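Quick note: the coordinates plus some simple rules give every number you see, no bench work behind them. Values in this document were obtained by computation on a predicted structure and should not be read as measured data. Heads up, the Cβs are rebuilt from the backbone with ideal geometry, glycines too, and the neighbour counts pull from every protein chain shown.
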Amino acid sequence: MQKTLKFAKRLVADITPPTSKSISNRALMLQALCRERRYTIERLAACDDTEHMQEGIEAKKAGAALVDIGATGTAMRFLTAYLAITPGETTITGSERMQQRPIGTLVEALRTLGADITYINKEGYPPLRIQGKPLQGGTLEIEAGISSQYISALLMIGPCMSEGLTLKLKGNIASRTYIELTLDLMRHYGATAEWTDERTIRIEPGHYEDKPLTVEGDWSGASYWYELAAVAAHYGYEVDIRLHGMREDSRQGDRVVADWLRVGKAPLLSPQGGKSMPHTNSTINLTNHHVYIDSFPQWGNKREVELDFTHCPDIAQTMAVTYCLLGIPFTFTGIQSLRIKETDRVAALINELRKLGFILRAEGDERLVWDGTRCTPDEHPVIATYDDHRMAMAFAPAALCFDGLTIENPEVVTKSYPGFWEDMSQFTI
C-alpha cells in the first residue's frame, strides 16, 4: 500500500491524539500484579502495542504456554519480568524483527534475582522460555544507558519480591523521565518506591491495590501535529490546530516537544479558555501567529541546534524531519537506543531524508548530524517506512514542501496511532 499526500492551504481542525501507550502498558502490567482487579482503566490506548500487551497478560492468566507479542518491544520487556514471577512455564516470542532486538541485559538481571529463563535460539535474544516462580529480590546493579524499559520492568515487579528491590543504576541513565513515569504509576497502585540517591531506587516489598486510572493523551502522538504546524506556518500556510486531551504537567519525556517547537504565543489553554490546571487534560492551540523554535527566535539564523534525546528518543525522527524542512542544521545526541528500535532509525533517517535532498551523517551510535549539506531531491519522493510507525508519521508533514510525496506501507501507524491518517485527512485534499 501507498499513501500520496497533498495539503490544503488552510490547516484548521480539532485533533484528539491517542492516549499514552507508555502509561497504558505500565498500567496494564501493574493492574495484572494487583491482588484483585476492581476497576477498568479508562481511556486505555487503542493501538497494536497496547493490544499485544493486554493479550499477553490475558493469555498467561488463561494458562497459555505461548505468548506472542508481535513487534511490541515494550510488551517483550515488561512481560518477560511479569512472567518471571508468575507461576508456570511460558514461552514468549515475537516478530522476526523482535527476535533481532537484544534482551540480554534484562534477562541477566532477572537471573541474578533468581529467575529461571532460557534462550530458545540465539543467546541474548528472544524467544525465551520462562519458568515463573517467586523471587527473593535484594540489591541489583544494572547498566542504565541501553533502555529505560529494562529498568521499568524490574521496578514494577519489585514489590512482589520477598525482600523488595534495591536497583543501582550504572552509566548514563537513558530516558529518566520514563523511569519517573513508572515510579509515579507504581505509587498510584500503592507501592513504596523512592530514589535514595541520584543512582539508587529502593522498592519496598508489599502489594499492589487496584485503583481507578484515566490515561492521558500521548505526547509522542502530539509531536507530529507540532511538526505539521511549525513547518506549515513557516511556509505560509494558515494554521489553527487544536489538540485535545493533553496534560500540561505530564511526566512523558516527549512533552519536551512543546518547548522545542512552540507554535502559538499562549499554547496551553483549557477547553473553557482559562489557564490549564495541573493534573487535568487541556486543549493546546497551535497557530501561525507566533511561530518560533526556542533556539531560533528569528527565522533565517543558520546557527546549529544541539538537542539531547536521552530522555525522549521517540521524537528524534519528528525533530530531524522538522529541522531539515526548516533549513536549520542540527546535532542530535542521546540517540543510542534508536539503533535497536522497530528498525535502525538512524540509518532510516539518513536514507529517507536524502530522498528529500538532505545529507545527514551518523557519528558512531552517539550523534546524528546535519550540517546543512544538500543534494538534489527525488522528483517524486517515496518514503520507505521500514515497518516503523514513527517513520510514516514523522515524514507525512514533508508533503507540505514536496507536493505529492508518497508514504509506503502507511498502515504501520496502527502500532501506536491507528487514527493518524483519518486525523491527517482533515488537512489534505
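Among 246, 76, which comes first, second and so on when ranked by fewest other beta-carbon atoms within 10 Å? All intermediate terms of the calculation are to be shown ahead of the outcome.
Details: 246 24, 76 29.
Starting with the residue having the fewest Cβ neighbours, the order is 246, 76.
Could you work out the per residue convex hull volume over the alpha carbons of the stretch 76-150, in cubic angstrom? Walk me through the numbers before you get to the answer.
On the way: hull volume 5.9 nm³, N = 75.
Expressed per residue, the convex hull around the Cα atoms of the stretch 76-150 is 78 Å³.
What is the antiparallel percent of DSSP beta bridges lying wholly in the chain, to the nearest 5?
Numbers: 43 of 65 bridges.
Of those bridges, close to 65 percent are antiparallel.
Considering the options 348, 258, 317, tell which one lies farthest towards the positive end of the dipole of the chain, charges being +1 on Lys and Arg and -1 on Asp and Glu at the Cβ, about the Cα centre.
258
Too long at a 24 Å Cα-Cα cut-off: which of 3/355; 21/133; 21/122; 133/415; 3/415?
Numbers: 3/355 17 Å; 21/133 28 Å; 21/122 29 Å; 133/415 32 Å; 3/415 17 Å.
Check vs 24 Å cut-off fails for 21/133; 21/122; 133/415.
Please list, in order along the stretch 12-28, the HN-Hα scalar couplings obtained from phi with the Karplus expression 6.51 cos²θ - 1.76 cosθ + 1.60 (θ = phi - 60°), rounded to whole Hz, x for Gly and Pro.
Along the stretch 12-28, the couplings run 10, 5, 9, 10, 10, x, x, 6, 5, 6, 4, 5, 4, 5, 5, 4, 4 Hz.
Any idea what angle helix 148-157 forms with the longest principal axis of the chain, computed on alpha-carbon atoms, 0 to 90 degrees, nearest 10?
Value to nearest ten degrees: 30.
Label points 7 Å out from Cα along the Cβ direction at residue 170 and residue 235: separation in nm?
Using points 7 Å along Cα→Cβ, the separation is 4.8 nm.
About the Cα centre of the chain, how large is the charge dipole given +1 on each Lys and Arg Cβ and -1 on each Asp and Glu Cβ? Please answer in debye to the nearest 20. Don't skip to the end; give the middle numbers.
Details: 45 positive and 55 negative charges, 51 e Å.
For this selection, approximately 240 debye.
At 37 °C and 0.692 mPa s, what whole-number value in µm²/s does Stokes-Einstein give for the translational diffusion of the chain, with Rh from the Kirkwood sum over Cα pairs?
Details: Rh = 22.3 Å.
The calculation lands on 147 µm²/s.
How are the C-alpha pair distances of the stretch 21-203 spread across 10 Å bins, as whole percents from the shortest bin up?
The percentages, shortest bin first, are 10, 41, 39, 10, 0.
Output the 0 to 90 degree angle, nearest 10, between the alpha-carbon long axis of helix 345-355 and the longest principal axis computed from the alpha carbons of the chain.
Long axis of 345-355 versus the principal axis of the chain: about 20 degrees.
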